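Worksheet for the structure shown next.
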Amino acid sequence: MSPVSLRRAARETVSGLPREFWWLWTSTLVNRLGAFVATFMALYLTLDRGYSASYAGLVASLHGLGGVVSSLGAGVMADRLGRRPTLLIAQSSTAVSVALLGFMHDPVAIAAVAFLVGMTSNASRPAVQAMMADIVRPEDRVRAFSLNYWAINLGFAISSMAAGFIAEFSYLAGFLIEAGMTLICALVVFAKLPESRPAPRARRPPSPRSASGPSCATVAS
């Protein structure tokens, strides 16, 4: 494929999407770029903290279980409370819980906070998808979701590579950097993304016929 064709294909891929989508896309990319903890959690617990491999597996399972729990409730929260508040709550609480996890020493506390991190870090996903569907036209949604998954994969690939270098320097730095980058995501949402939830449709008042019940006409013969 020629350079001209590549430029045309790239332009067609990214053109026509609203500005709000690109801020949401940027927030997703930054969030995935900072996803270090899930990558080195097992190494951190076994090599740095000295716990057994079975305990590290338990913590990883609790982290995943937290994500399952939050997935069940975060969608309802995004519909009832709104996309933007759900994102702000999820990302802010993720930043706090990830930073807190880096300072935990007690095994019970580590397991509990890891479960909390799993809940908060996955609570934003339904809100992101709902907001994307709100702000992007139906004919552009497949392209928008593809770009979003591309950002997730790109960010995860880079963060996985960076996690090894950060772990060589300091595991605590990894926790704090992820917390800081998640907080940046929350700031992007706060500053650049308005609420996108559609306004609830007003219920139509019942017609006089339906309000008074079915009427019967009696014809005398």
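Any read-out appearing in this document is the output of simple, stated calculations on the displayed coordinates, not a laboratory observation. Here the structure is a predicted model, which is why all the values come from computation and not from measurement. Ideal geometry is used to build each Cβ from the backbone, glycine not excepted, and the neighbour counts take in all protein chains shown.
For this structure, a couple of remarks:
- Spin-label model distance (nm) - F165 vs A42, 7 Å beyond Cα toward Cβ: 2.4
- Relative contact order (percent, whole number), the stretch 14-194, Cα cutoff 8 Å, 6+ residue spacing: 44
- A199-A60 pseudo-label distance in nm [points 7 Å out on the Cα-to-Cβ vector]: 5.0
- Gained length - S71 relative to D140, 0.36 nm times residue gap less alpha-carbon distance: 22.3 nm
- Cβ crowding within 10 Å, taken as a proxy for footprinting-reagent exposure, orders V98, V188 from fewest neighbours to most as V188, V98.
- The listed peptides 89-96, 144-151, ordered by packing as a protection proxy, come out as 89-96, 144-151 (highest mean of other Cβ atoms within 10 Å first).
- Theoretical gain in end-to-end length, V14 to A53 [0.36 nm per residue, Cα-Cα removed]: 9.6 nm
- Counted residue by residue at 0.36 nm each, then reduced by the alpha carbon distance between them, the extension gain from R80 to K192 reaches 38.2 nm.
- Counting beta carbons within 10 Å around each of L43, L183 and listing the fewest first gives the order L43, L183.
- Prolate/oblate/rounded call for the stretch 61-117, Cα gyration tensor, a/c under 1.5 rounded: oblate
- Prolate is the label for the stretch 14-194, because the ratio a/c of its alpha-carbon gyration tensor axes (a ≥ b ≥ c) is 1.5 or higher and a/b is greater than b/c.
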